[in-house]
Structure formats: C-alpha cells, structure tokens
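Undergrad: If you scroll down you'll find the structure; I have some questions about it.
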Amino acid sequence: MLSSNIRILLFFLILIYSVSHVLTCDITATLTSQTYHEVFAQFTFHNNTKSPIYHFEQDGKVEKVHITGMFCNMKPTRLDVYSTSPKADTKPSGTSQAFLEGFGYVNYVLLSDGVFMGMKAGIACAAGDCGASRG
Ligand SMILES: *[C@@H]1O[C@H](CO)[C@@H](O)[C@H](O)[C@H]1NC(C)=O
C-alpha cells in the first residue's frame with residue numbers, strides 16, 4: 001500500500017509531466033534533399049526566429065534541426081526553400097508551413113522547385129502542409 005503522501009506526490013508529478021507535455025514541444029526535423037540541384041533551406045520557427053541557412057549540394061544530403069519551446073502551435077513553423085543562396089529579397093522556390101506541436105519526428109523533402117512534408121511521427125500538424133499521412 002502506498003502512503004497517502006506518496007500518492008499525492010505521484011499525482012502532482014504526473015500532473016506536472018502532463019501539463020509540461022501539453023505546453024511544450026520537442027520536434028526533430030530532418031531535411032532531405034532529393035535533387036541533384038543545389039538547394040538552400042531556412043526555417044522560420046514558431047518563435048519568429050530563423051534558423052541558419054542550410055545548403056544542400058547533393059542528392060540525399062540530410063540536415064537535422066531540433067525544434068523546442070513552449071506553445072509551439074501558437075504560430076506556424078515555416079520552411080522556405082531557395083534554388084540560389086537567399087538574399088533579403090529572394091523569393092523562395094517553395095514553402096512548407098503548418099502549425100506543429102508534439103514530441104516526435106518530421107521529415108521534409110527538398111526538391112529543386114519545392115518542398116513537402118514527408119513522414120512524421122508523434123507530431124500534431126494543422127492548418128498547412130501536413131504531408132500525405134495524418135497523425
Ligand atoms: C526559437 O526556436 C528555435 C527552435 O526551437 C530555437 O532554436 C531558438 O533558440 C528559439 N529562439 C528563441 C529566442 O527562443
């Protein structure tokens with residue numbers, strides 16, 4: 001038998017764990033180039049900051065980006081893809097944008113003229129490019 005103090009402690013631990021899961025996200029995004037053309041990619045995160053510009057110069061190159069934070073689905077996560085090294089006024093050749101949250105994994109596939117969301121697991125995705133599969 002658990003003493004009532006331990007039961008109360010467990011209750012609060014589970015409560016804190018659940019609440020922190022609802023408010024935060026921890027997403028591992030991988031970007032996979034599927035073109036032999038040069039492509040550049042840059043995230044604009046839910047917190048309005050931008051990632052470094054990732055450069056892909058060969059088919060099959062993979063970059064891994066870790067997205068964490070609180071209230072991740074308050075703002076969309078956007079991935080812009082460029083066919084030349086982007087300057088301030090460069091128009092992206094493709095954009096994938098959606099509200100993301102959860103604890104898991106998502107893959108973006110980069111093409112010479114666009115980007116789309118591929119496999120994902122453990123991520124809730126809404127109102128945007130959420131790939132072919134749901135969940
Ligand atoms: C914004 O979110 C990104 C991705 O999780 C993170 O790397 C970056 O440090 C955050 N920036 C601020 C100012 O919180």
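Only the coordinates and a few stated rules stand behind these numbers; no lab work does. Remember, it's a predicted structure, so these values are computed and weren't measured experimentally. Quick reminder, even Gly has a Cβ in these numbers, built from the backbone with ideal geometry, and neighbours come from all protein chains shown.
Undergrad: For K61, enumerate residues with amide H under 5 Å from its amide H, sequence gap 5+ or separate chain, H modeled in the peptide plane.
TA: The list, which skips near neighbours in sequence, is S33.
Undergrad: Now a separate question. Each label point is 7 Å from the Cα along the Cα-to-Cβ direction; what then is the distance between the points at Q58 and I16, in nm?
TA: Spacing of the two 7 Å Cα→Cβ label points: 4.8 nm.
Undergrad: Which one, A41, T30, L15, is farthest towards the positive end of the dipole of the chain when Lys and Arg carry +1 and Asp and Glu -1 on their Cβ?
TA: L15
Undergrad: Right, something else. Tally Lys/Arg at +1 and Asp/Glu at -1 over every other residue whose Cβ is under 12 Å from the Cβ of V106; what's the total?
TA: Details: positive: K64, K120; negative: D26, E101, D129.
Its environment carries a net charge of -1.
Undergrad: In the chain, which longest range has no chymotrypsin sites (Phe, Trp or Tyr not before Pro) that are both DSSP loop (not H, G, I, E or B) and surrounded by at most 13 other Cβ atoms within 10 Å? Walk me through the numbers before you get to the answer.
TA: On the way: sites that count: Y36, F71.
With chymotrypsin sites (Phe, Trp or Tyr not before Pro) excluded where exposed in loops, the chain gives 72-135 as its longest stretch.
Undergrad: Rounded to whole Å, give me the distance from the Cα center of segment 3-75 to that of segment 90-135.
TA: Their Cα centres are 12 Å away from one another.
Undergrad: Here is a follow-up. Under the rule of at least 5 residues apart or a separate chain, name every residue whose amide H is placed under 5 Å from the amide H of M119.
TA: Those qualifying (amide H under 5 Å, at least 5 residues apart or on another chain) are N107.
Undergrad: When the helices in the chain are scored as -39500 (n - 2.57) per DSSP H run of 4 or longer and the sum is shared across all residues, what 222 nm value do you end up with, to the nearest 500 deg cm²/dmol? Kindly include the intermediate steps, with their values, before the conclusion.
TA: Numbers: 1 runs with 20 residues, N = 135.
Here the helix-only value at 222 nm equals -5000 deg cm²/dmol.
Undergrad: For segment 15-59, which semi-axes, largest first and in whole Å, follow from the square roots of 5 times the eigenvalues of its Cα gyration tensor? Mind showing how you got there, number by number?
TA: Numbers: eigenvalues 208, 32, 6 Å².
Over the Cα atoms of segment 15-59, the semi-axes work out to 32, 13, 5 Å.
Undergrad: Write down the radius of gyration of the chain and its Dmax, each obtained from C-alpha positions, in Å.
TA: 18.3, 67
Undergrad: Any idea what angle helix 4-23 forms with the longest principal axis of the chain, computed on alpha-carbon atoms, 0 to 90 degrees, nearest 10?
TA: Relative to the chain, helix 4-23 is tipped by roughly 20 degrees.
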